[in-house]
1. If you take the Cα Rg of the chain and divide it by 2.2 N^0.38 Å, with N the number of residues, what do you get?
2. Out of region 1-62, which trypsin sites (Lys or Arg not before Pro) are coil in DSSP terms and have no more than 14 other C-beta atoms within 10 Å?
3. To the nearest 500 deg cm²/dmol, what mean residue ellipticity at 222 nm is calculated for the chain from DSSP H runs of n ≥ 4 alone, each contributing -39,500 (n - 2.57), summed and divided by the residues?
4. In the P(r) worked out for region 72-122, what percent of Cα pairs fall beyond 14 Å?
5. Which of the GluC sites (Glu not before Pro) across region 92-122 are loop residues per DSSP, with 11 or fewer other Cβ within 10 Å?
6. At 7 Å along Cα-to-Cβ for each site, give me the label-to-label distance between SER150 and THR30 in nm.
7. Describe numerically, in nm with one decimal, the distance between label points set 7 Å from Cα along Cα→Cβ at ASP123 and at HIS110.
Amino acid sequence: MSSLFVSLDASGSMEDRVRETVDALNEYMTKVRNVKDLAVTVEIWNSDGRRNLYMGPIEYVPKFTVNDYVCEALTPLLDSFGRAIVSLRSTSGERKLLVLMTDGRENSSHEYNRGEIKKMITDFRASGGEVIFLGADINVGDEGDNLGVSRMHTISYDTHNSEAVFRSIGDTSSGYLSGES
């Protein structure tokens, strides 16, 4: 079994990107649907909290709508990384993948600091897990470096290209989660 955790920024700055993000998420789920024995969690988050949109087998992932993805408040980027990694650590499975998407920088975390997240990500990757860090209309390369995410797994993109980017990482994710790469 493999585990996939998709963590989406739902802060107020994402409000203009709702349709593109939902369409891209649905495209991504279509791409990873062929992975056998895949447990999926899809979560949205902001400074008001986090909410699971789905948790279960890939076969039953619903088609997400703009009504699922309500954006408001601030960006607790470090807390979202920390919570996702803690959640993935508790799952069984040979392969574990965190895909985290944001359009902003840290501005409201209270649980974790940068040093703790860098150690968590480094330890998670050392234990065989992987992280893909996506930046909608921002450059996440330097931020990823500072947090221990491989530069190869940071992708900055224009939201007008969201579906193409998510389609591409869907192919990469499928290969990783299936044990083909």
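Values in this text are rule-based calculations from the coordinates and carry no lab data. Bear in mind that the values here come from a model prediction, so they are computed numbers and not experimental data. Backbone-built Cβ (ideal geometry, glycine too); neighbour counts: all protein chains shown.
1. That ratio works out to 0.92.
2. Filter output for region 1-62: ARG33, LYS36.
3. Helix contribution divided over all residues of the chain: -11500 deg cm²/dmol.
4. 53 percent
5. GLU94
6. 2.8 nm
7. 2.4 nm
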